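Inspection log for the structure reproduced underneath, given as C-alpha cells.
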Amino acid sequence: MSSQIYTRIEHSATADEVVRQIEGLILEGILRVGDRLPGERELSLQFEVSRPILRNALKTLEARGLLVTRHGGGTHVADVIGQVFTEPVMELIAKHRKATADYLEYRREIEGITAELAAERATQHDRSLLSQIMQRMEGAHKKEDFREEAAIDVEFHSAIGECAHNIILLHTLRSCYRLLSDGVFYNRAHIYNFPGARDKLLEQHKAIYLGVMDGDRDVARKAARNHITFVEHSMREAERTIGWERVSQMRLNQRSGVTKPGKARNGSSK
C-alpha cells in the first residue's frame, strides 16, 4: 500500500482526525475491501500522531465495522460493501426471471450515466489506471482465460465508477457487481461461451474505454448502454440454446430406448 495516501494530521493530534482521514479514504474508494493498512509504527509516523492515539482511532474504526484486525495478519479494510438485499429477498429474486431483466435494465441506465460522468471527470491518473486494466483484459482475452477475463470485466466497470468521482454511484455499483460476481442473476459463463460473445464483449469494453479516454460523454454513455443491451440479448439466446440442448437430449434418450429404471421399453412393468 502506497505511503502517499496517508497525510500528516495538521490540526489537533486526536483520534477523531485519524478516524476522519481513514473514513474518507474508504468512502472515496481509495482504500478497498481487504486492503491492508501499514503497521502501527509506520502509520503513526505518517500521521505524525502518537501510537496510543492511533490505536484509539483504529479501535473506533473496528467498532464501526470499517476495519478488521486479523491475528498475525495486520489490520485490513472490512467488507464494507455487504449485501444489497436480505437473504429472503435474494431467494425471491433467484426464483423470478423478471428480477434479472430488471437488474439489467437498472445497470443499463446507471452505467450509462456513470460512463458519461467518467468521460467528463476522469483525471490523468484515472486514465492511466484504465489503460492498465484494458491491457490486462486484452491479455486475458488472448489467453482465453475465462476466469481472469470475467474478474477483469468487473474490475473494469468498477474503475469506470471510480472515474465518475461520485461516491454514491461508486458504492452503488460495487454492490451491484457483488451480486454479479456471486452469480445471483445469471451465469456469466453461459454468455462467454456463446459463439463470438467474447470478441464482442472485448470490443464493447474498448468502446467504453475510448469514450472515457477521449472525454466524449455521448460516446461513453452510448457504449455502456449498448454493452448491457448485448449482455441481455446474449443471456436470452444462451438460455434458449441450453433449453434446446436439454430437449434434444431428452428426445435422443427416448428414441434410443433409454427408459426409467424398472420399466420395459413397451412401458409395462417387469
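Looking for something assigned to a helix (DSSP H, G or I), more than 15 Å from the chain's Cα centre (by Cα) and among the basic types (Lys, Arg) - is there at least one such residue anywhere in the stretch 144-156?
no
Is at least one residue of the stretch 120-143 modelled with pLDDT under 95 and on the phi > 0 side of the Ramachandran plot? Within the stretch 120-143 (the criterion being modelled with pLDDT under 95 and on the phi > 0 side of the Ramachandran plot), the answer is no, since none of the residues qualifies. Could you tell me whether residue 181 is of a type in the set (Gly, Ala, Ser) and farther than 21 Å from residue 124 by Cβ? Criteria met by residue 181.
Looking across the stretch 225-250, the residues that are over 20 Å from residue 205 (Cα atoms) and at pLDDT 70 or above come down to 236, 237, 238, 239, 240, 248, 249, 250. Out of the residues in the stretch 157-168 meeting the condition of being part of a helix (DSSP H, G or I) and more than 13 Å from the chain's Cα centre (by Cα), tell me which one is nearest to residue 134 (Cα to Cα). Among those residues, the one meeting the criterion is 163.
A search for C-beta distances below 9 Å between a residue of the stretch 38-54 that is buried (at least 19 other Cβ atoms within 10 Å of the Cβ) and of a type in the set (S, T, N, Q) and any residue that is modelled with pLDDT of 90 or more and not in a helix (DSSP H, G or I), counting only pairs 6+ apart in sequence or on different chains, returns 44/50.
The values are calculated or read from the model by the stated rules, or taken from the named source; none is laboratory data. A quick note: this is a predicted structure, and the numbers were derived from the prediction, not measured. Neighbour counts are summed over all protein chains in view; Cβ atoms, including those assigned to glycine, are modelled from backbone coordinates with ideal geometry.
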